[in-house]
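Report on the following structure.
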Amino acid sequence: MLKQILDRDFMLRHMKAFGTHLDRETELQKSGDREALNRARQAGVTSDDMEQAKVDLNQAQNDPEASKIREGQQVFLPSHPAASALQTAIQQQTLKMFKMRPSAGNLPTGDHLITDLSIPGVHDTDTLFEQFGPADVGWISVGFALLVKLFRGKRKFNNNPAPPCRIGNAARLILIADWGTGVPRARKLGQAARQYIEQARQAGSGVHVIHLGDVYYSGFATEYDDHFLPYWPLLPEEAGTFGSWSLNGNHDMYSGGHGYFDHLLADPRFARQAQSSYFSLENDFWQILALDTAYTAFDLEGEQAKWLLDSRRAQPGKQGILLTHHQPFSGYEVVPDTILNKLKPVLESNLILGWFWGHEHRCAFYEPQNDVQYGRCVGHGGVPVLAPSAPMPKGVQYEFGDWVLGTEPHFARFGFAVADCANERMHVTYVMEDGTPHNEEDFISPGERVS
């Protein structure tokens, strides 16, 4: 990710200026300009698509959500598809122009707490479009129009769940969320997760690495190639040995979900998922069920609620664990109760013991509530935020607060969760980006507790 594009003021200034360039490219196409028509043809857009893109751009400029930045978050990742699409379009053209790629090998630290990439010769106060030539801005324009077109032509939802995956009674699940930024410390986290894969391999345990969603900025196919697949902890040659899984996130859907369903899930490592965004893993003691809450944000598209209820009723003797991208409840943000309402039959039947989710870029443990004994947010996989400084909100019993030493203000460390199944026991270790554990616990059914 590029330094300037992650800066809110820089992006808002360029979002405002971009409309003029979008109009110019549209007029060139309509006038029959050969180069403009060639750009449109290669991008797969028409002048009608360009005009619709302008409408969406105007909506983003007038939407207060498009300019917001979460408290404590140190990068601009807007929750508006058109704003995210412009970030993607600028980044893709810049990477192409300058033949840039993230550094490999030793990962930078210190000055690269956020990113190690910057647009050459462009400072935060510069006007980017004046630095680029008209053709380059033309490519950004058609790229933006394509992403808006993809978002508006959302990829069809796959209503068939992936075939149930049988895992061993001794199995390791590595849970990573909101990781798809490709920034140096997120790549470092991938290396730390690799250490836990090797541990399990040496112990003879099966391993499944599960991403809980969000590849930035807008889930465009090339962003999986830039930010995700090269750094995924499981190697391509391990596709048939260990399991790779990924949930859908709201940023994955900002380009219509095409990159998620048809590019990421088409990678051989994710073959078990059968290009479905909901799936299950189970052994003799545990049933882990993952739901898509992003195809329709904070909701369950298709027959997922029924599938979940049927799956749990068929195996009531096993403990149930849920995985989602969005949070079912929160002590930090106001969230809709749509997911909880749809899952009320399974929750009120005490068929869910634990629930892991991402979306909020933090790690927090919740007290038992909403018929969930263990509610755990682990969305701190790859988005730079500040370490929490306020008191924990009501209902939160633990909040990960470690920071990168020597930083002022304090940058929170990234992290992930490692869930080890050992027959009826599930031991969960919460790990920092450098591989060091910071907390651990056993998931125990209330009926099995010793008073």
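The values are calculated or read from the model by the stated rules, or taken from the named source; none is laboratory data. Remember, it's a predicted structure, so these values are computed and weren't measured experimentally. Heads up, the Cβs are rebuilt from the backbone with ideal geometry, glycines too, and the neighbour counts pull from every protein chain shown.
Surrounded by 22 or more Cβ atoms within 10 Å (Cβ to Cβ), at pLDDT 95 or above and not in a strand (DSSP E or B): is that true of G143 in this structure? Spelling it out, G143 is indeed surrounded by 22 or more Cβ atoms within 10 Å (Cβ to Cβ), at pLDDT 95 or above and not in a strand (DSSP E or B). Residues in region 100-124 that are at pLDDT 70 or above, small (G, A, S) and under 22 Å from D225 (Cα atoms): S118 alone.
Within the set V183, V207, the sole residue that is over 15 Å from the mean Cα position of the chain (by Cα), β-branched (V, I, T) and in the same structural domain as V378 (by TED's automatic domain parsing) turns out to be V207. Helices (runs of 4 or more DSSP H) fully within region 1-111 that include at least 3 residues being crowded, with 19+ Cβ neighbours inside 10 Å and of a type in the set (S, T, N, Q): 81-98.
Does A221 satisfy the criteria of being of a type in the set (A, V, I, L, M, F, W, C) and under 25 Å from E282 (Cα atoms)? It is false that A221 is of a type in the set (A, V, I, L, M, F, W, C) and under 25 Å from E282 (Cα atoms). For first residues located in region 331-343 and touching a residue at least 12 places away in the same chain (Cβ under 8 Å) and assigned by TED's automatic domain parsing to the domain that holds R362, partners that are charged (D, E, K, R) and surrounded by fewer than 12 Cβ atoms within 10 Å (Cβ to Cβ) and lie 6+ apart or on another chain with Cβ distances below 8 Å form the pairs G331/K394.
For (1) buried (at least 21 other Cβ atoms within 10 Å of the Cβ); (2) under 23 Å from the mean Cα position of the chain (by Cα); (3) among the charged types (D, E, K, R), each residue gets a yes or a no:
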| site | (1), (2), (3) |
| --- | --- |
| E348 | no, no, yes |
| N370 | no, no, no |
| P384 | yes, yes, no |
| G401 | no, yes, no |
| P437 | no, yes, no |
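Residue-wise test of (1) closer than 19 Å to N159 by Cβ; (2) in contact with a strand residue (DSSP E or B) (Cβ under 8 Å, 6 or more places away or on another chain); (3) hydrophobic (A, V, I, L, M, F, W, C).
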site: L291; (1), (2), (3): yes, yes, yes
site: A294; (1), (2), (3): yes, no, yes
site: A297; (1), (2), (3): yes, no, yes
site: A305; (1), (2), (3): yes, no, yes
site: S311; (1), (2), (3): yes, yes, no
site: Q327; (1), (2), (3): no, yes, no
site: V335; (1), (2), (3): no, no, yes
site: P345; (1), (2), (3): no, no, no
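The residue pairs whose first member lies in region 305-326 and is under 11 Å from E282 (Cα atoms), whose second member is acidic (D, E) and not in a helix (DSSP H, G or I), and whose beta carbons are closer than 9 Å, counting only pairs six or more residues apart or on different chains, are S311/E282; Q315/E282; K318/E282; K318/D284; Q319/E424. Of all residues in region 156-187, those satisfying the criterion of being surrounded by 19 or more Cβ atoms within 10 Å (Cβ to Cβ) and either part of a helix (DSSP H, G or I) or in contact with a Lys or Arg (Cβ under 8 Å, 6 or more places away or on another chain) (or both) are A162, P184, R185, A186, R187.
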